[in-house]
Each structure stands twice: as C-alpha cells, then as structure tokens.
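Throughout, read-outs are computed from the coordinates displayed, never taken from laboratory work. On a predicted model such as this, the values are computed, not experimentally measured, just so you know. Using ideal geometry, Cβ is built from the backbone for each residue, glycine included, and neighbour counts are taken over all protein chains shown.
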Amino acid sequence: MNKKIAVIKGDGIGPEIVTEAMKILDKTAEKFNHTFEYEQLLMGGCSIDANGVPLTDETIERAKAADAVLMGSIGGNTATSPWYKLPSDKRPEAGLLKLRKSLNLFANLRPAVLYSQLKDACPLKEEIADRGFDMMIMRELTGGLYFGARKTEEVNGVVTATDTLTYNENEIRRIAVRAFDIAMKRRKKVTSVDKANVLDSSRLWRKIVEEVAADYPEVSYEHMLVDNCAMQLVKDPAQFDVVLTENMFGDILSDEASMITGSIGMLASASLNDTRFGLYEPSGGSAPDIAGQNKANPIATILSAAMLLRYSFDMDKEADAVEKAVEKALKDGYRTGDIMSDGMKKVSCSEMGDIIAANI
Ligand code: NAD
C-alpha cells in the first residue's frame, strides 16, 4: 500500500521521538511491502519562530491532504520561553487546539497498558499490578461541558456561573460506533461510563449506546457510573477492555488510567474523525528539561505510530509487529532513563529506536 503521512515533529523532544517513530514505520514498510511518504509540517513554537503563528492555514490544508498525521509534542518551558509571553491565542498550544478542531477529531483514544516488565512502576498494590491490564479509554472530544454555552452573571445580587452539558444523539452514536468497532479489534468488551442516575445527557447516552450495541452481537457491553468507574480503575483495572465515555469524564478517567501505568514515556494516543483519518501523538509533553539530549523515551510515539497503522491504515499485522517489537525490547532489558531500574541496560532515545527497529 502507498500512504501519505503528515509529520509534525514539534518542539522540545518532539523531533527526537518522531525521528525514532519514523525509523520504525520505515522498517515496517520495508518488511510488509508498503511505501510511506512523509510530509513534514510545522506547528507549535517552531511555527511561531518561522511564521509568526503556531499553525498556518496552509499547514491545516496539507495535514488534511494526508492519510494520517503523526505528531511529536509542542510547547516549551512555560516559565522561561518567549512563546508564553504572547497572547494565549498565539501560543504553541493554540495551534494544537485549532488543528484538532479543523480536522473534526471527535474521538480520543488513550490506551493504558501495564507491561509486565514495568510493573514495578505501577503505584497499585502488588497483587493488582501482577494481574496487569490493557485498556483503551475512548473519550468524546468535541462536545459536552467543555463546548456548551457558559456565562457568569449576577442573579439577585449573587455572582453565579453556569456551564451547560449538551449531547445530541448523533454525537453519541458516532463515538459509540467507533468504540464498538475498536472493541471488535480487541477483546470485544465495552464499558460505557455515564452518570445516568443524575444527568439527562447520560440517560440519552445510555439509550444510544444500547441501540449501537444491538448491531454488535459479538461485543459484550455494560454501563458503569463514573464514580464507580473511578474506583474500579484502581481496584480491578484488568476488568476493562474499551471504556467509552463523554468529554469531561474521559478527561479525568484517562489521566487516572495513565497514572496507574506509572510511565509517561510509554503512553500513546490517537484522535479520530468519522473517516479513517487520525492524529497520533504521545500523551506526554515536549519535556524541555531533557530536549536535545537524546534521553527521551520514544516508545509512546512508536506505539502511537502502531495505532496509526491499525486505525487509519487497517494494517493490523503491521501494528502487532510494532507492539511485539516494543515488548521484546523491554523483555530484553533495554530501558531509557525514565523507566530505568536496577539490572537493566540503559539506552538513549536513538538506541531504543534502533533496537525496536531491529526486532521488527
Ligand atoms: P511534560 O510531559 O513535557 O514533562 C513532564 C515530565 O515528564 C518531565 O520531567 C519530562 O522530562 C518527562 N517526560 C515527558 N515525556 C517524556 C519522554 N517521552 N521520555 C522521558 N521523559 C519524559 O510536561 P510539562 O513539563 O508539564 O510540559 C512541557 C511542555 O509541553 C509545555 O509547554 C506543555 O504545554 C507542553 N505539552 C504539550 C502537549 C502536546 O503536545 N500534546 C501535551 C502536554 C504538555
């Protein structure tokens, strides 16, 4: 297959970690007989330096013309970088928000996997960590409380703030379909998380999820209240496969799920629209403290590239090969500084990329 990938290396460690992910994509293409063509685009601080704005309209159009976008991370040291003296709509992060919106990326996927080799980093009790976990948090990204009408006003002499949480049936259906499709590629279980004992929007959420579930007889599903889900994530994370939820609940639960893996350099993510197009990036930031030192962990970006292969290109075998290559590197004892422990072999960012590429 011939595919075009827009590459946004970004700032800080972005160029280092994306270079390693491209190394892995090239090796995968060679092994499985594909051609990946890259177009490098600027966004974030590097675009401010080159173009005066964090994202140009031309960059948006070029990203849209690709089959998928692979991104590193953007931004600098928020205390010292001159980018943060600019008005907020001119700062690096404004570029990312604008890009997500322009590409209509409504589904955010964040896998939380505890690798047996890294279970010491898990902050949960040993007997829970020993069971491991492998879940996909699927968060609605463009609706709900963060996008509803809001106002602060004086009501009868009392300052009062209001936010509104709105979902329509179409917004719920399109993400539920995505969640069930993804469950079909995994262990075929969906946990839909809501607050249906209180919220109307959650009761509609439940109704639509049930309608969608009827089209997927092979997938088992359950509803779970968000407060219970927050507890279950630390009590028995192994029970979850795909966790489907709305924007604010997903914001909180995905961070909780990330935290219990214990290692930020390992966390991939994807944001999808209603075609096969997606934006793939590590969950961490641009780590200005270690930028340019060849120390960063490239695995989150490499696993994001594996998601790109699976979800945008439908290349399951290829994605499996990348994920297995990462696991082998860990099993063989190779670690970047952030996940280093006694008795392991410490490697640089580029060495980790070389080792994983050799495993494919
Ligand atoms: P950060 O995630 O960049 O760093 C937090 C800590 O984790 C640092 O000690 C860093 O060294 C470490 N770390 C992160 N990724 C790592 C990796 N791959 N390998 C090894 N260690 C890693 O968060 P921060 O310091 O709060 O933010 C720095 C900049 O990143 C800010 O400008 C922030 O706005 C930006 N940011 C960007 C994104 C994005 O591009 N999507 C996301 C989060 C933060």
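Listed values, structure above:
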{"read-out": "Residue in region 18-25 that is crowded, with 22+ Cβ neighbours inside 10 Å and over 20 Å from residue 322 (Cα atoms) present", "value": "no"}
{"read-out": "Top-ranked residue in region 31-50 [being on the phi < 0 side of the Ramachandran plot and exposed (fewer than 14 other Cβ atoms within 10 Å of the Cβ); ranked as nearest to the ligand (Cβ to nearest atom)]", "value": "49"}
{"read-out": "Any hit, region 312-323, residues being part of a helix (DSSP H, G or I), touching a residue at least 12 places away in the same chain (Cβ under 8 Å) and either touching a strand residue (DSSP E or B) at 6+ places or on another chain (Cβ under 8 Å) or within 11 Å of the ligand (Cβ to nearest atom) (or both)", "value": "yes"}
{"read-out": "Residue within region 100-109 that is under 14 Å from the mean Cα position of the chain (by Cα), away from the ligand (no atom under 16 Å from the Cβ) and either of a type in the set (Phe, Trp, Tyr) or under 24 Å from residue 250 (Cβ atoms) (or both) present", "value": "yes"}
{"read-out": "Single residue of region 324-337 satisfying the filter (assigned to a helix (DSSP H, G or I) and within 16 Å of the ligand (Cβ to nearest atom)) that is nearest to residue 119 (Cα to Cα)", "value": "330"}
{"read-out": "Yes/no for residue 144 being touching a residue at least 40 places away in the same chain (Cβ under 8 Å), surrounded by fewer than 18 Cβ atoms within 10 Å (Cβ to Cβ) and under 23 Å from residue 232 (Cβ atoms)", "value": "no"}
{"read-out": "Any pair with Cβ under 9 angstrom, 6 or more apart, that starts in region 259-277 at a residue that is on the phi > 0 side of the Ramachandran plot and ends at one that is acidic (Asp, Glu) and surrounded by fewer than 17 Cβ atoms within 10 Å (Cβ to Cβ)", "value": "262/120"}
